[in-house]
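Working notes for the structure below.
The values are calculated or read from the model by the stated rules, or taken from the named source; none is laboratory data. Because the structure is predicted, anything quoted here is derived from the model rather than measured. Neighbour counts are summed over all protein chains in view; Cβ atoms, including those assigned to glycine, are modelled from backbone coordinates with ideal geometry.
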Amino acid sequence: MNFTRRLVMKGAAVAAASFTTETACAAAPAPAVAGDRTAQDIAGDEAFWRTIAAHYDVTPDVVNFENGYWGLMANPVMEAFFRNTEKVNRNNSWYARRDYYADIQPIHQRLADFLDAGADEIVFTRGATEALQGLVGGYNRLKPGDAVMYSDLDYDSIQAAMDTQAERTGASVVRITIPEPVTYDTLLETYRQALAANPKVRLLLLTHISHRTGLMIPVREIVDMARGFGVDCIVDAAHSWGQTDFRMEDLGADFVGFNLHKWIGAPIGAGLMYIRRDRLADISPNISERPEGTGAIFNRVHTGTTNFATFLTVNDALDFHELVGPKNKAARVAYLRNLWAEEMRGDDRIEILTPNDDRLHAGITSFRFKGKTSADDNKAIVNALVEKHGIFTVIRTGVTNGACIRVTPSLYNNAGECVQLVRALRSLLAEV
Ligand SMILES: Cc1ncc(COP(=O)(O)O)c(C=O)c1O
């Protein structure tokens with residue numbers, strides 16, 4: 001029995017109500033398994049999502065609303081990872097030197113097809129950091145007197161990479177603050193005004209979904225706008241692919257860093273660098289590469305010996321991703337986010353840091369109790385949530401307007417846990 005079929009049958013046993021054994025045994029792709037309903041219809045179907053949750057082995061010790069660090073592998077993916085690890089370990093270089101390349105090529109191509117990118121436009125990395133370090137550190141168009149720009153919501157180590165690259169090239173750094181609260185229009189206007197006010201900026205870092213607040217930015221619009229100002233964008237898609245569904249064309253970006261171990265559900269240590277074909281020359285080869293052969297994206301990354309089993313298992317992660325359905329996944333995590341965030345938004349003692357606009361958030365959203373802006377304030381709330389209510393979240397700092405607490409539901413969370421979070425927040429608000 002193939003993987004898809006086993007998976008669906010196992011799910012069907014858990015919640016027979018949501019799909020029949022006949023349907024389940026048909027090894028159909030996710031939309032058919034889920035019937036003809038749209039992703040929005042399915043998003044709130046707890047019985048359906050219980051069948052998906054049944055494929056995750058999750059600790060019962062806590063309600064885990066901190067799925068932003070990395071994503072659990074679903075059981076079939078983890079089993080494949082064990083098998084691949086065993087195979088690679090047993091065969092050692094007998095496998096790696098002779099057969100690995102042939103095995104990994106179709107997976108590489110499958111990733112390119114998923115993203116609607118050319119296979120010559122992507123290369124494996126160990127994560128988004130490695131991809132973005134290669135892009136920022138390799139960007140070779142900065143000259144003394146130029147400037148680079150990023151916002152307070154971008155990722156710490158990539159902000160630092162922008163600082164380092166600016167210093168190396170004699171460029172200056174422009175830091176902007178994303179307003180709170182923000183709307184679609186004020187967000188675009190913030191970037192437009194910042195670009196207009198800083199004509200020396202040549203390179204802009206954009207984080208598709210912020211790890212600090214969960215804000216999802218309209219990358220395509222900002223990339224197009226920046227291009228009008230003669231500015232290149234490097235896009236940090238660490239949190240977006242898999243949490244939301246898109247193709248490269250939807251981003252319109254020339255340089256993108258991804259990982260596959262957050263929302264695609266691959267083993268830890270998998271990511272991608274994307275460089276649009278006609279922009280390859282603008283990213284220099286990795287420091288460990290010789291200048292010859294600069295015509296291929298492969299020499300923009302030089303990892304050394306990689307975890308072969310991790311990359312092989314990307315295929316199984318993509319199977320599961322496809323089975324659940326990328327659109328279903330995106331709709332579900334946004335639905336769970338709405339259950340708690342939109343319920344709490346009416347309470348003027350709390351700030352919900354992504355707007356009620358589905359263009360500007362996915363599943364992640366952070367909150368702050370009004371006036372509680374220090375790291376210590378927020379650590380105390382994170383501790384109270386876990387100790388008094390059994391709910392695990394994480395503090396985020398670095399937001400200009402103050403620290404906050406990030407809530408990240410995943411596919412195995414459920415509506416009941418969101419209600420539990422709402423109750424916990426109300427109880428803590430009553431105490432402060
Ligand atoms: C916005 C953002 N960028 C980059 C990264 C780094 O990703 P990776 O762990 O794949 O290197 C993260 C990880 O949390 C992130 O949230």
Is there a residue being β-branched (Val, Ile, Thr) and farther than 27 Å from residue 280 by Cα anywhere in region 161-176? yes
Restricting the search to region 269-287, which residues are touching a residue at least 24 places away in the same chain (Cβ under 8 Å), touching a helix residue (DSSP H, G or I) at 6+ places or on another chain (Cβ under 7 Å) and buried (at least 16 other Cβ atoms within 10 Å of the Cβ)? 269, 270, 271, 272, 273, 274, 275, 276, 283, 284, 285, 286
Failed condition for residue 416, given (1) modelled with pLDDT under 95; (2) closer than 18 Å to residue 336 by Cα: (1)
Hey, residue 59 modelled with pLDDT of 95 or more, of a type in the set (Val, Ile, Thr), part of a helix (DSSP H, G or I) and out of contact with any Asp or Glu (no Cβ under 7 Å at 6 or more places or on another chain) or not: no
Search result, residues across region 254-268 that are of a type in the set (A, V, I, L, M) and crowded, with 24+ Cβ neighbours inside 10 Å: 256, 260, 264, 266
Residues (of a type in the set (Val, Ile, Thr) and without any contact (Cβ under 8 Å) to a residue 12 or more places away in the chain) located in region 50-89: 59
Could you please find all residues in region 195-215 being within 21 Å of residue 164 (Cβ to Cβ) and more than 16 Å from the ligand (Cβ to nearest atom)? 198, 200, 201, 202, 203
Give 237, 334 a once-over and let me know the one that is touching an Asp or Glu at 6+ places or on another chain (Cβ under 8 Å) and either closer than 18 Å to residue 120 by Cα or not acidic (Asp, Glu) (or both). 334
Selection over region 386-401 where residues are without any contact (Cβ under 8 Å) to a residue 60 or more places away in the chain, buried (at least 17 other Cβ atoms within 10 Å of the Cβ) and over 24 Å from residue 332 (Cα atoms) yields a count of 0
Within region 67-87, the count of residues that are closer than 30 Å to residue 211 by Cα and out of contact with any strand residue (DSSP E or B) (no Cβ under 7 Å at 6 or more places or on another chain) comes to 14
Examine region 289-296 for a residue that is modelled with pLDDT of 95 or more and in contact with a strand residue (DSSP E or B) (Cβ under 9 Å, 6 or more places away or on another chain), and state whether such a residue exists. no
The lone condition residue 329 fails out of (1) over 16 Å from residue 127 (Cα atoms); (2) surrounded by fewer than 23 Cβ atoms within 10 Å (Cβ to Cβ); (3) in contact (Cβ under 8 Å) with a residue 60 or more places away in the chain is (2)
Does residue 163 satisfy the criteria of being closer than 19 Å to residue 136 by Cβ and either among the basic types (Lys, Arg) or in the same structural domain as residue 140 (by TED's automatic domain parsing) (or both)? yes
Which count do you get for residues in region 90-102 that are touching a residue at least 24 places away in the same chain (Cβ under 8 Å) and over 13 Å from residue 306 (Cβ atoms)? 1
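Okay, residues lined up against (1) over 30 Å from residue 50 (Cα atoms); (2) in contact with a strand residue (DSSP E or B) (Cβ under 9 Å, 6 or more places away or on another chain); (3) surrounded by 24 or more Cβ atoms within 10 Å (Cβ to Cβ); (4) touching a residue at least 24 places away in the same chain (Cβ under 8 Å):
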residue	(1), (2), (3), (4)
342	no, yes, no, no
345	no, yes, no, no
351	yes, yes, no, yes
355	no, no, no, yes
359	no, yes, no, yes
363	no, yes, yes, yes
366	no, yes, yes, yes
369	yes, yes, no, yes
376	yes, no, no, no
